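No lab work stands behind these numbers, since they all come straight from the coordinates. Quantities reported herein were computed from a predicted structural model and do not represent experimental measurements. Neighbour counts are summed over all protein chains in view; Cβ atoms, including those assigned to glycine, are modelled from backbone coordinates with ideal geometry.
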Amino acid sequence: MVVKETKLKGCFIIQPNIFKDKRGYFIESFNQEAFNAKLNLDIIFVQDNESQSSKGVLRGLHYQKGEYSQAKLVRVIKGRVWDVVVDMRRESDTFGEHFSIELTEENKTQLFIPKGFAHGFIVLEDNTIFSYKCDEFYNKDSETGIIYNDKDLNINWFLPESDFILSEKDLILPNFKDAETC
C-alpha cells in the first residue's frame, strides 16, 4: 500500500495494492499490522459501518467528542463520493481547515481520519456503498456535527445544492464557530 499524509496532520490517503488479471481484481482492503506500521499508529478498529445511498445524499459533517472521539478508515465499495474532513482539534496548526477527496470503486482509495475530525460526504452516483471502520463504538450522547453549508468553511460539494438530500438531523447542525471542538 502507498500512504500519503494530507495537508491536515494525521490524516492519510491510502492506496492499497490492486492486483488485476483476466478474472478481475484482488485487494487487501485492510491489514491491522501493515496499517499500523505504515502509518506509525497503534489503532484497533472495533466497529465497521456501511451505508448505501442515492446520488445527492449528503451525510455529515459528523463527529463524536470527548472520550468517544473516533478515528475512521473510510472507502467506497461501489459508486463515487466526494469525501470531506474538517480539523476540529483546537490545538492543531490546521484547526478549522478542511480536506476533500473523491473516493470511488475504481480508484479503491481509502482515507484515514484521525480523532478530532468532522467527516462528511456527498454521493456522486446512485447506489453508492460507503464503508468505514471506527476505533471507538458509536455513542449517541457524544455525537455532534457542523452544518454542511457553513459560510466560514466554504466547502465545495460539487453538486447543485438543489440536488442535496439531507436528514432532518443534518439540517440543524451548528455552524463551525458554534460547534464543540475536540
Contact list, first residue from the stretch 144-164 and in contact (Cβ under 8 Å) with a residue 60 or more places away in the chain, second anywhere and in a loop (DSSP other than H, G, I, E, B) and among the hydrophobic types (A, V, I, L, M, F, W, C), beta-carbon distance below 6 Å, six or more apart or interchain, is G145/L173; I146/L173; I146/A179; I147/L173
Report, by residue number, each residue of the stretch 94-133 that is in contact with a His (Cβ under 7 Å, 6 or more places away or on another chain) and under 10 Å from D83 (Cβ atoms).
-> I113, H119, G120
Segments classed as strands (runs of 3 or more DSSP E), wholly inside the stretch 1-111, with at least 1 members that are more than 21 Å from I155 (Cβ to Cβ) = 2-5, 12-15, 18-21, 24-27, 47-53, 72-78
Top-ranked residue of the stretch 14-45 - restricted to ones that are surrounded by fewer than 14 Cβ atoms within 10 Å (Cβ to Cβ) and among the aromatic types (F, W, Y), ranked as nearest to E106 (Cα to Cα) | Y25
Residues located in the stretch 86-114, provided they are in contact with a Lys or Arg (Cβ under 9 Å, 6 or more places away or on another chain), buried (at least 21 other Cβ atoms within 10 Å of the Cβ) and either of a type in the set (F, W, Y) or under 26 Å from I129 (Cα atoms) (or both) | D87, L103, Q110, L111, F112, I113, P114
Matching residues, the stretch 112-142, being within 22 Å of K7 (Cβ to Cβ) and in a strand (DSSP E or B) | F112, I113, F117, A118, H119, G120, F121, I122, Y132
Identify, from the list F164, F176, the residue that is more than 26 Å from D42 (Cβ to Cβ), of a type in the set (A, V, I, L, M, F, W, C) and surrounded by fewer than 18 Cβ atoms within 10 Å (Cβ to Cβ).
-> F164
